[in-house]
Amino acid sequence: MRNVITFGTFDVFHVGHLNILKRAKSFGDRLIVGVSSDALNVKKKDRYPIYNETDRLSIIEGIKYVDEVFLEESLELKAEYITRYSADVLVMGDDWQGRFDYLSSLVKVVYLERTPSVSTTSVIEVIQHARIRTPITVC
Ligand code: C2G
């Protein structure tokens, strides 16, 4: 049994998130996902996610490629999470290229190319502009 672990905020879930989870699963038999807590997201990105951590955990848990989820409380706890979940492979998007090489004595570290042209930020921008063009009138 080969365990794969990956991490992310997965806010405003989109096809780039789905692609990386699908490809991560293909590296083993079980996929375990550390979903960044709201507090960790504030530290990383200086803002709260749109969806709170409870909802993001539920969404990721519901994806068919995902076998187990947990809350990632700190970027510095990777080694502990890897040991706790007996991970054999760590998969990260290549926006993190090189950042987790120090864990390669514990796990095989794999960076996958990000899906082009989609991000949580771009989705938020599209929604903001869509709201300006087509205001909703409630009467
Ligand atoms: N991703 C992708 N393609 C995109 C957007 C995101 O492959 N177009 C990948 C990212 O590379 C990451 C995962 O989807 O591996 C989750 O993305 P984020 O939610 O942006 O993750 P991030 O906030 O960078 O958190 O401990 C590490 C972090 O918690 C990673």
- Heavy-atom accessible surface of the chain: percent carbon and sulfur, 1.4 Å: 52
- Message: Looking at the chain, identify the longest residue range that excludes and avoids all trypsin sites (Lys or Arg not before Pro) in DSSP loops having at most 13 other Cβ atoms within 10 Å.
- Response: 3-46
- Note on the structure: Here the gain from full extension of ILE127 to PHE70, 0.36 nm per residue of separation minus their alpha-carbon distance, amounts to 17.6 nm
- Task: Can you work out the accessible area per residue across the chain, with the rest of the protein chains kept in place, probe 1.4 Å, in square angstrom?
- Result: 59
- For the chain: relative contact order, % (alpha-carbon pairs under 8 angstrom, 6 or more apart): 28
- Based on the Kirkwood radius over alpha-carbon pairs, what is the Stokes-Einstein translational diffusion coefficient of segment 5-115 at 4 °C with 1.567 mPa s viscosity, in µm²/s? 93
- Query: Taking Cα atoms, how many degrees apart are the long axis of helix 15-25 and the longest axis of the chain, rounded to 10 and kept between 0 and 90?
  - Reply: 10
- Item | Heavy-atom accessible area ranking, 1.4 Å probe, most first, across TYR65, TYR48 | TYR48, TYR65
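The values are calculated or read from the model by the stated rules, or taken from the named source; none is laboratory data. Since the model is a prediction, treat every value here as computed from it, not as a measurement. All Cβ positions, glycine included, derive from the backbone under ideal geometry; neighbour counts span all protein chains shown. These accessible areas exclude ligands, DNA and RNA; they are computed on the full protein's heavy atoms, side chains included. Shrake-Rupley method; radii C 1.70, N 1.55, O 1.52, S 1.80 Å.
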